[in-house]
């Protein structure tokens with residue numbers, strides 16, 4: 001099949017499926033599955049594409065057209081200069097989580113011991129360990145599959161200052177928690193009753209365990225605060241509708257002050273806790 005014909009078939013299929021920016025998606029898939037640039041798509045449009053390669057490319061187009069997130073189809077996501085391999089066992093890292101990590105890096109550049117709770121793909125842990133190479137980062141997750149992928153991502157990016165621990169929330173850090181200065185997490189915080197209203201691409205393809213935060217969305221935070229010792233600095237990703245509930249939970253904390261910060265869209269997305277002076 002000629003490249004021009006392949007591209008036309010792909011654009012039509014994606015457009016019919018209601019995929020926005022179908023031309024851009026075609027270029028992304030061509031780069032990954034055909035090793036062709038945008039210029040190649042124009043200059044080499046009369047070239048024949050071998051059947052096995054064309055079939056592999058068209059299979060990827062079909063996956064996107066069916067509603068599967070393109071990051072899963074591509075198999076990776078770039079996150080603060082790090083290329084993360086993805087699978088359906090982990091969430092796709094979002095721009096808001098990049099913002100969270102940027103806040104941590106700017107505020108904690110002199111800190112030396114971090115913990116990423118619920119690491120998933122390893123996005124937060126890898127970014128912290130890469131940008132603060134003198135630090136040690138503990139990365140925990142309850143999922144064996146997620147931990148294996150996070151460890152693979154660290155190795156792929158030449159990052160060696162992360163220790164991976166299978167654990168649920170922070171109590172699984174055990175004796176390591178004593179030495180941790182900074183705790184960071186993007187936990188599950190969607191209310192169970194809201195799960196069915198999520199975008200189909202999220203609901204059908206991303207792991208429920210990393211999304212569902214319980215009846216009020218606060219299950220993780222409730223347990224986290226219950227086991228949070230004095231003297232840590234904490235950076236949490238949250239949902240805006242949870243601020244009132246989080247204020248209620250924070251009232252039971254002793255020795256901490258807290259603040260909420262907005263993301264680039266103007267929504268309260270981050271909760272930051274510091275020991276009281």
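Observations, loosely collected:
Yes/no matrix, rows are residues, columns are (1) in contact with a helix residue (DSSP H, G or I) (Cβ under 7 Å, 6 or more places away or on another chain); (2) outside any helix (DSSP H, G or I); (3) assigned by TED's automatic domain parsing to the domain that holds residue 103; (4) farther than 19 Å from residue 229 by Cβ:
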residue: 124; (1), (2), (3), (4): yes, no, yes, yes
residue: 149; (1), (2), (3), (4): no, no, yes, yes
residue: 155; (1), (2), (3), (4): no, no, yes, yes
residue: 159; (1), (2), (3), (4): yes, yes, yes, yes
residue: 172; (1), (2), (3), (4): no, no, yes, no
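- Criterion: under 14 Å from the mean Cα position of the chain (by Cα) and touching a residue at least 60 places away in the same chain (Cβ under 8 Å) - qualifying residue of 186, 204: 186
- Flag if residue 269 is surrounded by 12 or more Cβ atoms within 10 Å (Cβ to Cβ) and within 16 Å of residue 100 (Cβ to Cβ): yes
- The set of residues from segment 15-27 being within 27 Å of the chain's Cα centre (by Cα), surrounded by fewer than 17 Cβ atoms within 10 Å (Cβ to Cβ) and farther than 16 Å from residue 4 by Cβ comprises 17, 18, 20, 21, 24.
- Condition met for residue 191 (modelled with pLDDT of 95 or more and over 28 Å from residue 264 (Cβ atoms)): no
- Only helices (runs of 4 or more DSSP H) whose full extent lies in segment 1-116 are considered here, and none of them has at least 1 residues that are farther than 30 Å from residue 163 by Cα, modelled with pLDDT of 90 or more and in contact with a strand residue (DSSP E or B) (Cβ under 6 Å, 6 or more places away or on another chain).
- For the residues 123, 59, 30, 39, the requirement of being free of Cβ contacts under 8 Å to residues at least 40 places away in the same chain and crowded, with 21+ Cβ neighbours inside 10 Å singles out 30.
- The criterion of at least 3 residues that are in the same structural domain as residue 180 (by TED's automatic domain parsing) and under 16 Å from residue 183 (Cα atoms) is met, among helices (runs of 4 or more DSSP H) falling completely within segment 193-266, by 219-227.
- Any hit, segment 201-209, residues being touching a strand residue (DSSP E or B) at 6+ places or on another chain (Cβ under 8 Å) and either surrounded by fewer than 12 Cβ atoms within 10 Å (Cβ to Cβ) or on the phi < 0 side of the Ramachandran plot (or both): no
The values are calculated or read from the model by the stated rules, or taken from the named source; none is laboratory data. The structure presented is a predicted model; accordingly, all values stated were derived computationally and were not measured. Positions of Cβ are generated from backbone atoms using ideal geometry, with glycine treated the same way; all protein chains shown enter the neighbour counts.
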